[in-house]
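Engineer: Handing you a structure now.
Readers should treat all values here as calculations from the given coordinates under stated rules, not as data from a laboratory. Bear in mind the structure is a predicted one, so any value in this text is a computation, not a measurement. Here Cβ is always computed from backbone atoms with ideal geometry, including for glycine, and neighbour counts include all displayed protein chains.
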């Protein structure tokens with residue numbers, strides 16, 4: 001097993017009285033892609049959002065257990081959540097570019113964190129767009145509105161925006177579900193490229209996608225983590241009958 005970047009220990013998550021996640025234990029390895037699969041409403045996205053405390057924004061939500069990031073519990077009292085979300089970036093299901101230029105979309109994060117130097121900003125924007133495999137397509141129109149890009153380009157722009165603040169972990173919540181097959185293939189190729197520099201956790205409803213892009217896979221069902229293992233093992237020889245039933249399409 002390679003180095004562990006984040007480790008989730010005995011995590012329970014509640015919306016008021018409803019327990020959405022039950023005793024989740026998952027190690028997230030550095031520079032690997034971990035896929036989370038399972039039927040709709042089983043807790044995958046809720047779990048993903050516990051990794052950068054996005055659920056804090058939901059009234060009545062609470063967490064028990066630990067999420068260790070470089071061995072520090074992110075739920076400790078004095079954790080700077082803004083800094084945490086800089087280090088653990090997130091890409092959502094629907095591309096959500098700001099109604100600004102392509103350049104300003106990518107420069108947004110660094111500016112918020114106080115960077116004013118024009119040359120440095122330009123360097124970060126170009127580097128991030130290259131990192132998201134988008135630069136060649138947009139280099140001549142960085143001042144154009146991001147809303148003029150195609151859906152697939154918008155999603156890669158959102159990835160570039162996440163990369164611009166130099167995260168260590170990237171969370172992706174069904175990043176290709178709103179895209180056509182060609183754009184999806186580009187995102188998958190990109191994920192493969194990005195894991196050289198980042199630890200990636202992806203929620204996907206597509207088992208084919210999980211099998212293609214991930215190193216490790218966790219199968220969620222009704223708030224439980226039924227099984228977590230190397231992706232090949234989960235898909236070829238799962239330990240739990242429920243995992244096999246789900247993967248072979250008997251339910252879900």
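Engineer: So for the chain: antiparallel DSSP bridges make up what percent, rounded to the nearest 5?
Structural biologist: Beta bridges within the chain, antiparallel portion: roughly 60 percent.
Engineer: Ranked by Cβ crowding within 10 angstrom, fewest neighbours first, how are 147, 142, 129, 163 ordered?
Structural biologist: Neighbour counts put them in this order, fewest first: 147, 142, 163, 129.
Engineer: Then there is this: Between segment 68-126 and segment 23-55, how far is it from one alpha carbon centroid to the other, in angstrom?
Structural biologist: 20
Engineer: Right, something else. Could you calculate the contour length gain from residue 93 to residue 9, that is, 0.36 nm times the residue separation minus the distance between their Cα atoms, to one decimal place in nm?
Structural biologist: Between residue 93 and residue 9, full extension yields an extra 27.6 nm.
Engineer: Could you check the simple spin-label distance between residue 119 and residue 222, using points 7 Å along Cα→Cβ, in nm with one decimal?
Structural biologist: 6.2
Engineer: How far apart, in nm, are two points set 7 Å out from the Cα along the Cα-to-Cβ line at residue 23 and at residue 178?
Structural biologist: According to this spin-label approximation, the distance is 3.8 nm.
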